[in-house]
1. Taking the 0 to 90 degree range and rounding to the nearest ten, how far is the long axis of helix 60-69 tilted relative to the main principal axis of the chain, both from C-alpha atoms?
2. Roughly how big is the chain's charge dipole about its Cα centre, with Cβ charges of +1 (Lys, Arg) and -1 (Asp, Glu), in debye to the nearest 20?
3. Per residue, how big is the convex hull of region 138-241 when only Cα atoms are used? Give it in Å³.
4. If the label point is 7 Å along Cα→Cβ of residue 16, which residues in region 68-91 have backbone nitrogen under 18 Å from it?
5. Against the longest principal axis of the chain, how steep is helix 90-99, in degrees 0 to 90 to the nearest 10, with axes from Cα atoms?
6. Assign unit charges at the C-beta atoms only (+1 for Lys and Arg, -1 for Asp and Glu), then state the dipole size of region 93-229 relative to its Cα centre in Debye, rounded to the nearest 20.
7. I want to check the label-to-label distance for residue 150 and residue 168. Put each point 7 Å from Cα in the C-beta direction and report it in nm to one decimal.
8. May I ask for the distance between the Cα centers of region 179-241 and region 5-77, given as a whole number of Å?
Amino acid sequence: MEHITHAGVKIALRKTSLVDYPGKIASVLFFGGCELRCPWCHNRELVLMESTEPETFIGHDDALAHITKRRNVLGGVVLSGGEPTLYRDLPVMICRIKDIGLSVKLDTNGMNPAMLEKLFETTETSPDYIALDLKLAPQRYGEIAPNVKKAEDSLRKSAELIRNSGIKHEYRTLALPIITEKDIIALAELTGSAPWYVRAFKPGNCLDPSWNDIDASTERATGMLADMIRTLGKDGIVGSS
Ligand code: SF4
């Protein structure tokens, strides 16, 4: 997928959230577009950038205007998606948000290590917190991203950059019915000591409608994955930060 330009960026806004940025009241900017097509994805409108209501999306300048207006009540801004690293002017946006005194959390699927490298070049453009999605073993990313070149390499590179960045971060995994012990063992090689959250999969509005017929993951299955992660010496936790 091409990088998204300033003119083409589409952002959906959650004005206030108490749960998306650990310990902070935050606004969340959901960037339209994503190079992956996870069949279980709940964000169809964002990923495909389709909405019957045009006012669903705003642009770069309107998003920053909103944040500036609410700077006194916010502690941070979450850049989520879709996939925010596809946005070419992400470094500019992060710089502007930090300029007005707010912290930045970046949620990413790890498919754009070049953008992460660019962000990490200066403190002005570095996020203050990063959440990296870990879905299946890196070698299985071809299953969810058949059209993305070198998806496995990209994930490995992004994980390495984040692990060595010195930036506070976390890992997130959905307890999908297709995830196996082998996936967790392979993913564990990418992680450091940061918290690794395991959340339950819930069907509904999935990108591939056949996933809506799949049973939600049970508390037991989610707990078992977190246990497995801890067995590997990592900080596996059920739930989200
Ligand atoms: S789940 Fe995340 S990475 Fe997968 S298609 Fe949806 S937005 Fe993209």
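1. 80 degrees
2. Working: 29 positive and 32 negative charges, 106 e Å.
With Lys and Arg at +1 and Asp and Glu at -1, about 500 debye.
3. On the way: hull volume 11.2 nm³, N = 104.
Spread over its residues, the Cα hull of region 138-241 gives 108 Å³ apiece.
4. The answer is 68-78.
5. Long axis of 90-99 versus the principal axis of the chain: about 60 degrees.
6. On the way: 17 positive and 20 negative charges, 42 e Å.
Taking the Cα centre of region 93-229 as origin, the dipole is about 200 debye.
7. 3.3 nm
8. 25 Å
Every number here is computed from the coordinates shown, using simple stated rules; none is lab data. On a predicted model such as this, the values are computed, not experimentally measured, just so you know. We place every Cβ from the backbone using ideal geometry, glycine too, and count neighbours over all the protein chains shown.
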